[in-house]
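First the structure, in the form of structure tokens, and then the observations on it.
The values are calculated or read from the model by the stated rules, or taken from the named source; none is laboratory data. Bear in mind the structure is a predicted one, so any value in this text is a computation, not a measurement. FYI the Cβ positions are ideal-geometry reconstructions off the backbone, even for glycines, and counts take in every protein chain you see. Calculation scope for accessible area: heavy atoms of the full protein, side chains included, ligands and nucleic acids excluded. Shrake-Rupley method; radii C 1.70, N 1.55, O 1.52, S 1.80 Å.
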Amino acid sequence: MYAQMVKSEATNEDPEMLAAFQARIDAGERIEPKDWMPEGYRKTLIRQIGQHAHSEIVGQLPEGNWITRAPTLERKAILLAKVQDEAGHGLYLYCAAETLGVTRDDLTEQLLSGRMKYSSIFNYPTLTWADIGAVGWLVDGAAIMNQVPLQRTSFGPYSRAMIRICKEESFHQRQGYDLIRKMAEGTAEQKAMAQDALNRFWYPSLMMFGPSDKDSVHSTQSMAWRIKINTNDELRQKFVDQTVPQAKFLGLTIPDENLKWNEDKQGWDFSEPDWSEFYEVLKGNGPCNTDRIEARQKAWRDGAWFRDGLMGHAKKAEARRNAGRIAAE
Ligand code: BYC
């Protein structure tokens, strides 16, 4: 069935090569950059890895917003390290995408012109210090739920980047939980801030997993190619099952009246997010879309002198090397 789907996606590619490629995927082999791959596989990876890289980079903005206002030196140092980690994750992922024949400049240009997406979650504001806890606990928690299976994704460079990223993300999730726990166990006012953060971040976190399976455009093909290992709904359910007991332990209430343990499925029933809000955010109409893109555009403009300097240095070094080679010949 999968081979048929692959064939219909890319009719001008050699059916034997497609079948051999699918057999490698089905056997659990990793695909490496120099291997033959269907054009659709390459494009899907560039889209997913590129969006993922952009999410890491844009994801620095809501948290970076609180570095100067962290309440203690220790919390500031932790937050600073976390935001730096996100930059590193973006770089590993851009490098993985570059092995597919796209440049980081191309990807950046597509982000800045609005032609490439980043995760919807980063279009929501971080209004209070408790939001930084909620981002670590819920947003990094959702990110890990999605990324742990991606360590086994079929494309070698992506899978290896995910191994390192997951190690760091799990530290991020724990520091977020520790922060929100301090707030939840603090004064009545602090606990109310923690609850408010949970209320605002719950549904946007559920949206991170993408549309429900019936509306997911890419899942079937991406799973056939093992670019994705699980469906969006499977991971969303796992996230809810993991998070409900954590919220109970914190003494916080998940803002969902329909949350109910389902004995048959051994998991929690929960309300779907408002998908019309999700699609509005994707169209650019979320609370912070404009701010986020403008911040990245400004960073790109402000960094022009540095990129020019690096290129100038690289060109001079190359000219010196070439001159040395000619003299030696
Ligand atoms: N936001 O067919 P579907 C992080 C788009 S965590 C925006 O299901 P797919 C971080 C989707 O791109 C976040 N767009 O797509 C954490 C597609 O549109 P296009 C990053 C979304 O790809 C803490 C359309 O909706 N993680 O970085 O099969 C701190 C239809 O969806 C979203 C990753 O990127 C969304 N939430 O599945 C700092 C993980 N959901 O492209 C940083 C890797 C869907 O056709 N990515 N769309 O125009 C994935 O696992 C998959 O790409 C997704 C979506 C599950 C996200």
Worksheet item: Using a Gaussian network for the chain with springs between C-alpha atoms less than 10 Å apart, which of these wobbles most: 188, 134, 317?
Response: 317
Worksheet item: Which whole-number percent is the relative contact order of the chain (Cα, under 8 Å, 6+ apart)?
Response: 17
Worksheet entry | For segment 12-60: accessible area per residue (Å², 1.4 Å) | 46
Discussion item. With a 1.4 Å probe and all protein chains left in place, how much of the accessible area of the chain comes from carbon and sulfur atoms, in whole percent?
Written reply: 55
Item to complete: With r as the distance between the Cβ atoms of residue 320 and residue 113 and R0 = 41 Å, compute the FRET efficiency 1/(1 + (r/R0)^6) and round to 0.05.
Response: 0.70
Worksheet item: Which one of 162, 323, 102 has its Cα pushed farthest toward the positive end of the charge dipole of the chain, where Lys and Arg give +1 and Asp and Glu give -1 at the Cβ?
Response: 323
Worksheet item: Helix-derived [θ] at 222 nm for the chain: sum -39500 (n - 2.57) over DSSP H runs of at least 4, divide by residue count, nearest 500?
Response: -21500 deg cm²/dmol
Fill in: Test item: Cα-centred dipole of the chain, Lys/Arg +1 and Asp/Glu -1 on Cβ, debye
1160
Worksheet item: About the Cα centre of segment 35-153, what is the dipole size in debye to 20, counting +1 per Lys and Arg Cβ and -1 per Asp and Glu Cβ, all else neutral?
Response: 180
Response to the item:
Distance in Å, no decimals, from the C-alpha centre of segment 50-82 to the one of segment 256-329 is 14
Worksheet item: Which whole-number value in Å³ per residue fits the convex hull of the alpha carbons of segment 159-272?
Response: 120
Worksheet entry | Modelled FRET efficiency - R0 30 Å, residue 151 with residue 67, Cβ distances, 0.05 increments | 0.55
Practice prompt. Please state, as a whole number in µm²/s, the translational diffusion coefficient that the Stokes-Einstein equation yields for the chain at 25 °C and 0.890 mPa s, with Rh defined as the Kirkwood radius across alpha carbon pairs.
Written response: 113
Fill in: With 5 Å bins from 0: P(r) over segment 91-242, alpha-carbon pairs, percent
2, 9, 14, 18, 20, 17, 10, 6, 3, 1, 0
Worksheet item: Picking from 127, 227, 89, whose Cα lies most toward the positive end of the charge dipole for the chain (charges on Cβ: Lys, Arg +1; Asp, Glu -1)?
Response: 89
Worksheet item: In square angstrom, rounded to the nearest 10, how much accessible surface does residue 24 have for a 1.4 Å probe?
Response: 70
